[in-house]
Amino acid sequence: MDLRLQGARALVTGGASGLGAALTRALVGEGAKVALNYRSRSSEAEALVAELGAENVVPIQADLSNTTDVEGLYAQASAAFGGLDILVNNAGVWETCEIGQIGLDQWERSMAVNLRAPMILSQALVHDCTEAGRPGRILNITSQAAFLGSSTGHLPYAAAKGALVTMTRSMAREMGNNGITVNALAIGTMESPMISAALDKRRDFYASRIPIGHIAQPEEVADVALFLLSPRSGYMTGATVDVSGGQLRH
């Protein structure tokens, strides 16, 4: 199926590794160009540029916990391609802390990266697309923890991802019929640098909670995300699609 993404211009946050890297490869494979945001993974970002071509991938360093960086990220990405059509709010932080020991800095960083940055970037895309009169796609990467909560000491992450689902629904309702769709993807346990240490310690525990029987590879999730970013999903908005291997069953 032709997903009609040839020539599309995308910004993917956290795009240098894990799901972000898989999405970057998938988008370029469909003919799109990608502004790839990263915070510290410069070598991974450079490797993706070398693999996919500098004409297709533009790496942009930005710390999404910093509002000035977030605003600058969007401006650079838009300038690189003369506008953006797609935004994937993929970057996240997974603070580990028991409820009685959550530090204010951990809470604020989780909210800044997992919720505030997506809001700022989404506002910018909506403004640009509305001003230009062109359609747009926003995809927010959330988690099964948004619905089930956390049982492993990641309350700030679960709380932020729950709020991201509500933000997705609210933005979709407000956008209405202007051609900008806003959807979310709820992932389960997936191979990624963010949770690699936890998987190293308790892989069997995490795998045992997945009805489909294995921990997801990023490419398995990216395949579903790609459809939500394409014109083929134009009649979907405000939806949260469950790609958790049966963990969520939503």
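Tabulated data
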read-out	value
Residue list for segment 133-170, filter: surrounded by fewer than 22 Cβ atoms within 10 Å (Cβ to Cβ) and closer than 17 Å to Ile120 by Cα	Ala163, Val165, Thr166, Met167, Arg169, Ser170
Residue satisfying condition, being of a type outside the set (Asp, Glu) and surrounded by 14 or more Cβ atoms within 10 Å (Cβ to Cβ), within set Ser233, Ser196, Ser208	Ser233
Residue tally, condition modelled with pLDDT of 95 or more and not small (Gly, Ala, Ser), over segment 148-184	13
Checklist (1) at pLDDT below 95; (2) closer than 24 Å to Val221 by Cβ; (3) crowded, with 17+ Cβ neighbours inside 10 Å applied to Gln106, failing item	(2)
Output for segment 112-125, where each listed residue is over 15 Å from Gln76 (Cα atoms) and out of contact with any helix residue (DSSP H, G or I) (no Cβ under 7 Å at 6 or more places or on another chain)	Ala112, Val113, Arg116, Gln123
Matching residues in segment 15-29 - criterion: being closer than 17 Å to Gln61 by Cβ and surrounded by fewer than 24 Cβ atoms within 10 Å (Cβ to Cβ)	Ser17
Some residue of segment 73-83 being touching a helix residue (DSSP H, G or I) at 6+ places or on another chain (Cβ under 7 Å) and among the aliphatic types (A, V, I, L, M)	no
Residue within segment 43-66 that is touching a residue at least 60 places away in the same chain (Cβ under 8 Å) and either surrounded by fewer than 17 Cβ atoms within 10 Å (Cβ to Cβ) or in contact with a helix residue (DSSP H, G or I) (Cβ under 8 Å, 6 or more places away or on another chain) (or both) present	no
Lone qualifier among Val34, Val12, Val57 - being at pLDDT 95 or above, within 24 Å of Leu228 (Cα to Cα) and either more than 16 Å from the chain's Cα centre (by Cα) or of a type in the set (Gly, Ala, Ser) (or both)	Val57
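Residue-wise test of (1) farther than 30 Å from Thr130 by Cβ; (2) among the β-branched types (Val, Ile, Thr); (3) over 15 Å from the mean Cα position of the chain (by Cα).
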site: Ala186; (1), (2), (3): no, no, no
site: Asp200; (1), (2), (3): yes, no, yes
site: Phe205; (1), (2), (3): yes, no, yes
site: Ile212; (1), (2), (3): yes, yes, yes
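The values are calculated or read from the model by the stated rules, or taken from the named source; none is laboratory data. Keep in mind the model is a prediction, meaning the values are calculated, not measured. With ideal geometry, Cβ positions are generated from the backbone for all residues, glycine too; neighbour counts draw on all protein chains shown.
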